[in-house]
Amino acid sequence: MIGSRICHDLISPIGAISNGLELMQMSGAALTPEVALISDSVENANARIRFFRVAYGMAAEQQMMGRAEIVSILKAIAQGARVSFHWGPLEDIPRVEVRLAFLALQCFETAMPYGGRISLTREADLWAISASADKLRQTPDLWSALETPGQAIDISPSEVQFALLPVLLQEAGRRISLRITEHDILLRY
């Protein structure tokens, strides 16, 4: 509920800034480097808010998300980022399932500070999320917490997904299978 509230309250001012920039451009104002920087920053903030709204917001069992919306969110957060995403499922997905996948994506992003590629597939109810990178950040304690729900770990605010994901997976009756090598991660649930 907190995540939903924060996203709801931030989306309006970010939208207002975006609308203001659009009006400036329509009035013939020059696209200076400063305005371009503000525009890029607003687009990035809007993309992150959309992502966070799904990952940390409320999700009802019957609420569905279409592939186009999901891919749009992932494409927007990948803009100018080092990590690219491939969303495999073609069908509509329950929002609670997308929430789990987005939290897992954040775990993967944490391990990939130098970039890489993340791919998500789903067969029936089984998800497989894989990543490849030239170099992975090694954080074995964080990853082991995913496999052992309830394990006490020290996390920073930027790693909260490692604490939330196992709780939500346990609530959904899911267990994690994890394999990490020097360049690859495979997570199934």
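Taken together, the values in this text are just the output of simple stated rules run on the coordinates, not laboratory data. Quick caveat, the model's predicted, so the values are computed rather than measured. Every residue, glycine as well, gets a Cβ built from its backbone with ideal geometry; the counts of neighbours run over all protein chains shown.
Between Gly80, Gly150, Gly28, the Gaussian network model of the chain with springs among Cα atoms under 10 angstrom shows the greatest mean-square fluctuation at Gly28.
The separation of the range 169-186 from the range 1-74, counted between C-alpha centres, amounts to 30 Å.
Ordered by the number of other Cβ atoms lying within 10 Å of each residue's own Cβ, fewest first, Asp154, Asp141 fall into the sequence Asp154, Asp141.
Label 7 Å along Cα→Cβ of Glu61; the range 147-189 residues with amide nitrogen under 17 Å? Only 168-174 fall inside the zone, counting backbone N under 17 Å. With both bridge residues required to lie in the chain, what share of the DSSP beta bridges run antiparallel, to the nearest 5%? Bridges in the chain that DSSP calls antiparallel: roughly 80 percent. Over the residues of the chain, the helix contribution to mean residue ellipticity at 222 nm works out to -17000 deg cm²/dmol, using -39500 (n - 2.57) for each DSSP H run of at least 4.
Among Met112, Met58, sorting on how many other beta-carbon atoms sit within 10 Å of each Cβ, with the fewest leading, yields Met58, Met112. Of the trypsin sites (Lys or Arg not before Pro) found in the range 1-96, the ones in coil according to DSSP and having at most 15 other Cβ atoms within 10 Å of their Cβ are Arg82. Stretched out fully, how many nm does the piece from Glu69 to Thr181 gain, at 0.36 nm a residue minus the Cα gap? Here the answer is 37.1 nm.
Applying D = kT/(6 pi eta Rh) to the range 1-58, where Rh is the Kirkwood radius over alpha-carbon pairs, T corresponds to 10 °C and eta to 1.306 mPa s, the Stokes-Einstein value obtained is 130 µm²/s. A dipole drawn for the chain from +1 and -1 charges on Cβ atoms has a positive end, and of Ala152, Ala68, Ala16 the residue lying farthest that way is Ala68.
Annotation: the residues Val98, Val54, sorted from fewest to most other C-beta atoms within 10 Å of their own C-beta, follow the order Val54, Val98.
Hey, if you put +1 on the Cβ of every Lys and Arg and -1 on every Asp and Glu Cβ in the chain, which of Gln106, Ile176, Gly57 ends up farthest toward the positive end of that dipole? Final value for the positive-end residue is Ile176.
DSSP beta bridges fully contained in the range 66-149 are about 60 percent antiparallel. Out of the range 1-79, which GluC sites (Glu not before Pro) are coil in DSSP terms and have no more than 12 other C-beta atoms within 10 Å? When the GluC sites (Glu not before Pro) of the range 1-79 are filtered for loop state and at most 12 Cβ neighbours within 10 Å, Glu61 remain. Each Cα pair under 8 Å and six or more residues apart adds its sequence gap; the mean of these over the residue count of the chain is a relative contact order of 17 percent. Screening the chain for DSSP H helices whose Cα atoms reach 18 Å or more along their own axis and whose mean Kyte hydropathy is at least -1.0 gives 2-26, 33-56, 95-111.
Loop-resident GluC sites (Glu not before Pro) (DSSP state other than H, G, I, E or B) in the range 80-112 with no more than 10 further Cβ atoms inside 10 Å of their Cβ: Glu91. Quick one: net charge of Trp127's neighbours, Cβ under 9 Å, K/R +1, D/E -1? Local net charge: 0.
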